[in-house]
1. Ordering Trp127, Trp210, Trp73 from largest to smallest accessible area (1.4 angstrom probe), what's the sequence?
2. For Thr67 and Glu95, calculate 0.36 nm times their separation in residues minus their Cα-Cα distance, and state this gained length in nm to one decimal.
3. Under 30 Å between C-alpha atoms is the cut-off here; go through the chain and count lysine pairs that meet it, provided they're at least eight residues apart or on different chains.
4. Using a 1.4 Å probe over the heavy atoms of the protein chains, calculate the carbon and sulfur portion of the accessible area of the range 114-211 as a whole percent.
5. Any chance you could list P(r) for the chain, counting all Cα-Cα pairs in 5 angstrom bins from zero, rounded to whole %?
6. Given a 1.4 angstrom probe, what's the average accessible area per residue across the chain, in square angstrom?
7. Expressed as a fraction of 2.2 N^0.38 Å, the rule-of-thumb size for a compact globular protein of N residues, what is the C-alpha radius of gyration of the range 26-79?
8. Which distance in Å, rounded to a whole number, links the C-alpha centroids of the range 27-85 and the range 172-211?
Amino acid sequence: MTSQYGTTRVPSGEIVLPFSRPPPALGVASAARSTLVTTSIQSLRKHGFYDRYARHLSNDQRDALLTAVAGTWLPMDLAFAHYAACGALDLTLAEQTAIAMEVGDRVNGTFLGSMLRMAKTVGVSPWSALGQSAKLYERLFCGGGIAVSKKGPKDARVDLIGNPLCTIDYFRVGVRGVYEVALQLFCQRVSTFELTARATSHSMSIRIAWV
């Protein structure tokens, strides 16, 4: 099925977490949580990339992003401008992943705290954390959705649809980083990679495996 945000990706295999509504009803993300952007800018400063980043923004965009109040909703055009400017830095995959994991750790402190408590519970596995994906997504975006399917005993696929940021490589690496931060609490090693053949301008899929 196609829509204004690309091809609808229906999970296959055993569904661990279905989309919260039928994909056409999820719409397109119209806003992102400001904390996602403000913490990302903090990490860019920490790593010495801020000045280069700022040159890829208009004055109005830069002013709006720097004065954003934590915990509010940012219009998607501003979030898109931020991630496009990050992408224009042409950082290495290692640099992008390091920043993504820092941002994931800060933004999802409460979420990761609950993951840590779950990790201390006998019998809890990465599947338990993956089952919380929709709660995490809905904290960060207004519109779009996420689903998780089981491809093997320690092998999952995450499908994210209805989000314009999926067109930006930097954002997609960030999604992988968030999952690596969360799931490493439950296992010895986590690996993620993008299923590029399934990507559209408004959707992405990643495969996650662990030992």
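1. Trp73, Trp127, Trp210
2. The Thr67-Glu95 span can extend by a further 7.5 nm.
3. Final tally of qualifying lysine pairs is 8.
4. It is 54 percent, rounded to a whole number.
5. Going out from 0 Å in 5 Å bins, the chain shows 1, 7, 16, 20, 21, 17, 11, 5, 2, 0, 0 percent.
6. 46
7. Expressed relative to 2.2 N^0.38 Å, the Cα Rg reads 1.16.
8. When both Cα centres are located, 23 Å separates them.
The values are calculated or read from the model by the stated rules, or taken from the named source; none is laboratory data. Values in this document were obtained by computation on a predicted structure and should not be read as measured data. Accessible surface areas use protein heavy atoms only, side chains included; no ligands, DNA or RNA. Shrake-Rupley method; radii C 1.70, N 1.55, O 1.52, S 1.80 Å.
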